[in-house]
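Structure first, commentary second.
Only the coordinates and a few stated rules stand behind these numbers; no lab work does. All values reported here derive from a predicted model rather than from experimental measurement. Positions of Cβ are backbone-derived with ideal geometry, glycine not excepted, and every protein chain shown enters the neighbour counts.
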Amino acid sequence: MHDIKDLESRGILAVGVATTEFVQAAAVQNGFLGYDPAVVFVQHPIQDRTDDEIRALADIAFDEIMAKLQDKP
Amino acid sequence: MLETAERAAAAPLNLPADGLVAVVKRDCPTCVLVAPLIKELSDRGVPITVYSQDDPSFPDGLSGVRYDDDLGSSFGLNIEFVPTVIRMEAGREAERIFGWSRAQWQALTGIPDLGKTLPDMRPACGSKTTDPGMQARLKVRFSQTGLASRRIPVPREIDPLELVHERGWSDGLPLVPPTEERVMLMLEGTARDPKEVVGLMPPNRVECTVEKIAINAVMAGCKPEYLPVVITAVEAALIPEFGLHGVLATTNAVAPVIMVNGPIAKGIGMNSKGNVLGQGFRANATIGRALQLVVRNVGGGRPQEVDRAVFGNPGKYTFCFAEDEDDGIWPTYAEERGFKRGTSTVTLFPGDGNTPIIDHISREPEGLVQSYAGCLRSLYNPGQINDVSAFILVSPEHAQVFYDAGWSKQRVKDELYARLKLRRDEILEGRQGIGSMKPEDLTDPNRLFPKFRTGSLNLARAGGSAGKYSAIISGLGSITINPCIKEVRL
Amino acid sequence: MTETSAEVFLLDPTAESSPVMMPRLKRPASIEGMTIGLLDIAKQRGDVFLDRLDERLTTNGFKVERFAKPRFSIVAPDALKQEMQSRVQVVIEGLAD
């Protein structure tokens, strides 16, 4: 989340992708940073998944990532 | 100095319903004088609660003294002087005296021979609650600031000096973090109500209160005594004829320039002499910056957003100076605008920088105005007329040339106007203000057009004593953008 | 965030139209035509995820640049952030697990 905040301070639109394991931790850290970064959560776990399963997760996340980068009317 | 999260509730005073309350400090000769009497009252069985502001063992030999080291009790009792003695009756304050007056003390205590060896009277001293800055500190500590602005928490991991940038409050330079205490101290610089709405600040047309101005003045680095000038600058900027929205939104480089006249300029240490447009003077630097921060933070006017300036100019950080009124020969700009000398005013005009005029040679005024006219002619474009304005800051050595020749300020202006007329074929296409011209004007090759509209070419006195320079502050000048002046209200 | 997590408070100098929690950068209506950086935080298997995003972005007509942290659980070094700042307008960082 530090990175997302720093990149946005540089004028770069940034979004982080994390697994659902991080929902709680991210909220706490955001409190400390006083900042609400754009984060997309994908279903935990990752490490034991097949490549196809991970690609499927990426496909699911893709639309949400794009939505968090644009303010489509 | 930074405010802590712990906010004390006003301390419960826990006073007896009936009896006396005395507030003293050792650092007060009158308190020292009456200290034995207070002990005597206690020894005689008079119920008396004693607060000492600076020494728990004062008055000497008296037990049960309440040490008011955080001044919470003194603040709660609204003590302004010491010694103060209050008589409580049925849980309410019935009577209050301060200082030493034998008659008053005898009447209040009902003891006729009290202090008969002491002098008749001794004056009170100031309570520690009235020390400089202490009221502000106590109001913050006991949540009695009355301020309306929301409080932004500084997250633990963040340096307040970084947060002000992260939140987008800064012009790019470091800011003084606007703690409640600093803002309360700033507000002591004016008699105005913090809630007073000075006007609607463009571009977002948001209500701009004295409190918001004070917060931005803190951030800019102002001293409280500058605040009336900052508030007046905001007021002047909001006069419709100044056209603030246009000044900040334009692609042109202009910034609001602040010129201060009258006794307040010297009173707060503004520079009108050497390096008048340069660095090194806190009042000049921070007052101009405060106005810009108000525009940025309250109005929402930010570069590359509503502010469409192609270049901008360094004066958009701060552009503020005082007119030099010392020689008293020419009327000041404020006097030209109808204000009496001795009145403090703030003038705002749009300026995009400083164009120097160098003339080391002319010993006659004709030569000097010729130099001025040449420099003025080229402003924006040699073929430009209208929509351009200029404030010429005339230095002491140049001014002396005019004074020696007996030229009034108006004479200099008239001579400049006479030299700043353009023929039709010299005027830039599209800059001739066609709407106001008759068809024959457009065809008459000998017809002359003034470069500057009436009121858009002005002179003021400023600058260092040695050197034959003057300075042109050029800027937009149109029907909708004009210099505006406002009297300073404290 | 509650006020008790902070020790210092500042008074808001603005018109208070933005939330106390600092808002993220304002999103444009569209990021079409922008160059997108994929920042690999160097967790195992994250590359598979980012490779797929790369494919999808490229298919959608975006120019994609790849970046990687030297190792995970560190803040991206300044040099890396400067590199991204000079080359891309958008960054997608992943995959934290």
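Taking Cα centre as origin and charging only the Cβ of basic (Lys, Arg, +1) and acidic (Asp, Glu, -1) residues, the dipole magnitude of the protein assembly as shown rounds to 1500 debye. Karplus-derived 3J(HN,Hα) values for segment B:170-184, using 6.51 cos²θ - 1.76 cosθ + 1.60 with θ = phi - 60°, are 9, 7, x, 8, x, 10, 6, x, x, 6, 4, 5, 5, 5, 4 Hz; glycine and proline are entered as x. Relative contact order for chain B using alpha-carbon pairs under 8 Å, separation at least 6, rounded to a whole percent? Reported as a whole number, the value is 13 percent.
Rounded if a/c is under 1.5, else prolate if a/b is larger than b/c, else oblate: which is segment B:275-349, with a ≥ b ≥ c the root eigenvalues of its Cα gyration tensor? It is prolate, given that a/c is not under 1.5 and a/b is the larger ratio. Relative intensity of segment B:25-125 on a log10 scale, I(q)/I(0) at q = 0.10, 0.13, 0.15 Å⁻¹, equals -0.24, -0.42, -0.57, per a Debye sum over C-alpha point scatterers of equal strength in the absence of solvent.
Sequentially through segment B:46-60, phi angles give Karplus couplings (6.51, -1.76, 1.60; θ = phi - 60°) of 6, x, 9, 9, 10, 10, 10, 7, 9, 7, x, 9, 10, x, 4 Hz, Gly and Pro residues having no value and appearing as x.
Compute the Cα gyration tensor for the protein assembly as shown, then decide on rounded, prolate or oblate, letting a ≥ b ≥ c be the square roots of its eigenvalues: rounded whenever a/c is under 1.5, prolate when a/b is larger than b/c in the other cases, and oblate in all that remain.
Values: a/c = 3.10, a/b = 1.12, b/c = 2.77.
Oblate is the answer for the protein assembly as shown, as a/c is 1.5 or above yet b/c matches or exceeds a/b.
Taking chain B as a whole, the Cys residues whose C-beta sits 4.7 Å or farther from every other Cys C-beta are B:208, B:222, B:320, B:375, B:484.
Counting every alpha-carbon pair across chain B, the share separated by more than 46 Å comes to 33%.
Quick check: from the Cα gyration tensor, does segment B:321-404 come out rounded (a/c under 1.5), prolate or oblate? Walk me through the intermediate numbers first.
On the way: a/c = 2.28, a/b = 1.19, b/c = 1.91.
Judged from the Cα gyration tensor, segment B:321-404 comes out oblate (a/c at least 1.5, b/c at or above a/b).
Think of segment B:164-487 as having a plus end and a minus end, set by charges on the Cβ of Lys, Arg, Asp and Glu; of B:330, B:481, B:306, B:306 sits farthest toward the positive end of this dipole.
Relative to the compact-globule estimate of 2.2 N^0.38 Å, the Cα radius of gyration of chain C comes out at 1.39.
For residue C:22, the residues whose amide H sits under 5 Å from its own are A:35, A:36, ignoring neighbours fewer than 5 places away on the same chain, with H placed 1.01 Å from N. List the pairs from B:266/B:468; B:25/B:195; B:195/B:486 whose alpha-carbon separation is above 26 Å, in the order I gave them. Long pairs (Cα-Cα over 26 Å): B:25/B:195.
Working note: Karplus 6.51/-1.76/1.60 with θ = phi - 60° gives segment C:54-66 the couplings 4, 4, 5, 5, 4, 4, 7, x, 8, 8, 10, 10, 9 Hz, where Gly and Pro are set to x. Beta bridges per DSSP, both residues in the protein assembly as shown: antiparallel share near 55 percent. The radius of gyration of the Cα set in segment A:2-69, together with its Dmax, comes out at 13.0, 37 angstrom. Near the amide H of residue C:91, within less than 5 Å, lie the amide hydrogens of A:13, A:14, A:15, C:37, all on another chain or at least 5 residues away, with H placed in the peptide plane.
Longest exposed-loop-site-free stretch of chain B, with GluC sites (Glu not before Pro), DSSP loop and at most 16 other Cβ within 10 Å?
Numbers: sites that count: B:6, B:80, B:157, B:188, B:196, B:305, B:429.
Here the longest run is B:306-428.
Backbone amide hydrogens, once placed in the peptide plane, bring residue A:42 within less than 5 Å of A:18, A:19, A:20, excluding anything fewer than 5 places away on its chain.
Output the relative contact order of chain A, whole-number percent, from Cα pairs under 8 angstrom with separation of 6+ residues. All intermediate terms of the calculation are to be shown ahead of the outcome.
On the way: 62 pairs, mean separation 24.0, N = 73.
So the answer I get is 33 percent.
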